[in-house]
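Reviewing the structure listed below.
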Amino acid sequence: MSVYTAARRRSFHALPTTMSQLRAHGYWDVRKGFLAGCYAKPPDAKGRRRFRGVVAATRRLREGVVAMCVGTGDEYLDVTAVVGKAFTSKVRLVTGWLEPDGREAVECVCVA
């Protein structure tokens, strides 16, 4: 193992929380479980679902529109969302509301 690899591993495991590991490195120690606070709630009276999760994969469909796969710990959601310039490849967490069809996001906010 190289000196650089050993140093990277030490710095990764020295981070106190799974969220700090995700922000710094783009992944976390899954032996500690899924990230706390991620969820996909059941549909409300209007049929919309609230979600918060880890962005697993993204694809820019056109300017300002992104298709993404969001992991919540219990399931993966395929979400199409209108996003602003704040959405970059560094975005790790999103939260929002899904339309009753389960694909189009009414609201999607970059958390971290």
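The values are calculated or read from the model by the stated rules, or taken from the named source; none is laboratory data. The model shown is predicted, which means the values in this text are computed figures rather than measured ones. All Cβ positions, glycine included, derive from the backbone under ideal geometry; neighbour counts span all protein chains shown.
Tabulated data
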item: Residue within the range 47-59 that is closer than 22 Å to residue 18 by Cβ, in a loop (DSSP other than H, G, I, E, B) and either at pLDDT 90 or above or not small (Gly, Ala, Ser) (or both) present; result: no
item: Residues within the range 10-46 that are in contact with a Ser or Thr (Cβ under 7 Å, 6 or more places away or on another chain) and outside any helix (DSSP H, G or I), tallied; result: 6
item: Selection status of residue 101, touching a strand residue (DSSP E or B) at 6+ places or on another chain (Cβ under 8 Å) and either of a type outside the set (S, T, N, Q) or in a loop (DSSP other than H, G, I, E, B) (or both); result: no
